[in-house]
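The values are calculated or read from the model by the stated rules, or taken from the named source; none is laboratory data. This is a predicted model, so every value here is computed, not measured. Here the Cβ positions follow ideal geometry from the backbone for every residue, glycine too, while neighbour counts run over all protein chains shown.
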Ligand code: IDP
Ligand code: MG
């Protein structure tokens, strides 16, 4: 077990629906701690960089248009095994197939508007945190 930092995004659908507090509460109740927060109007450049691994896929244009459709709440989340803990708290990518008890399984039913993003590995977390919170780059966990 190791202390980790990961990036969580409360996506525009969740901010629009007033679910930011609910999502933060679920993470905090799990024992995860907020180390940074910022409301960001994502532009195409940040959307493209963040979702670089999905360039060329059929849903990419829709994904970029969704993530730039309104403010996104970006969070630095810290805790023991935070990467995996966030991912299991979020649930599977497709909310229609996410388990009840998870954020996506309880609060959503469609894609790409699946409420949250969580980095999928420590390497992704480092890359994504540098994109969204460049001022934290020199800090160690
Ligand atoms: P993840 O967010 O669970 O890591 P990824 O496969 O990395 O899932 O996909 C990134 C995001 O792209 C998803 O969270 C969702 O918003 C969107 N997405 C993924 N697959 C599809 C799809 O088949 N149709 C529409 N949107 C999708
Ligand atoms: Mg992903």
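Quick one: count up the residues across segment 86-103 that are within 16 Å of ligand 2 (Cβ to nearest atom) and either within 20 Å of residue 61 (Cα to Cα) or in contact with a helix residue (DSSP H, G or I) (Cβ under 8 Å, 6 or more places away or on another chain) (or both).
Our first condition is that a residue be within 16 Å of ligand 2 (Cβ to nearest atom); within segment 86-103, this holds for 86-95, 97-98, 102-103.
Right, trim to either within 20 Å of residue 61 (Cα to Cα) or in contact with a helix residue (DSSP H, G or I) (Cβ under 8 Å, 6 or more places away or on another chain) (or both) and you get 86, 89-95, 98, 102-103.
Result for segment 86-103: 11.
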Among the residues of segment 63-83, is there at least one that is modelled with pLDDT of 95 or more, over 12 Å from the mean Cα position of the chain (by Cα) and within 12 Å of ligand 2 (Cβ to nearest atom)? yes
Might you let me know whether segment 107-129 holds any residue that is under 18 Å from residue 14 (Cα atoms) and in a helix (DSSP H, G or I)? yes
Tell me the helices (runs of 4 or more DSSP H) entirely within segment 1-101 that contain at least 3 residues that are free of Cβ contacts under 8 Å to residues at least 40 places away in the same chain and either within 16 Å of ligand 1 (Cβ to nearest atom) or out of contact with any strand residue (DSSP E or B) (no Cβ under 6 Å at 6 or more places or on another chain) (or both). 20-30, 44-50, 60-67, 82-90
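Restricting to segment 104-121, what's the tally of residues that are away from ligand 2 (no atom under 14 Å from the Cβ) and over 15 Å from residue 72 (Cβ atoms)? Give the steps one after another, and end with the answer.
Keep residues of segment 104-121 that are away from ligand 2 (no atom under 14 Å from the Cβ), which gives 105-110, 113.
In the following step, the residues that additionally are over 15 Å from residue 72 (Cβ atoms) were identified as 105-110.
Residues meeting the conditions: 6.
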Quick check on this structure: which one of 137, 53 is within 15 Å of ligand 2 (Cβ to nearest atom), on the phi < 0 side of the Ramachandran plot and surrounded by fewer than 12 Cβ atoms within 10 Å (Cβ to Cβ)? 53
Flag for residue 59 being over 17 Å from residue 119 (Cα atoms) and surrounded by 15 or more Cβ atoms within 10 Å (Cβ to Cβ): no
Meets criteria (under 18 Å from residue 129 (Cα atoms), away from ligand 2 (no atom under 15 Å from the Cβ) and touching a helix residue (DSSP H, G or I) at 6+ places or on another chain (Cβ under 7 Å)) for residue 4: yes
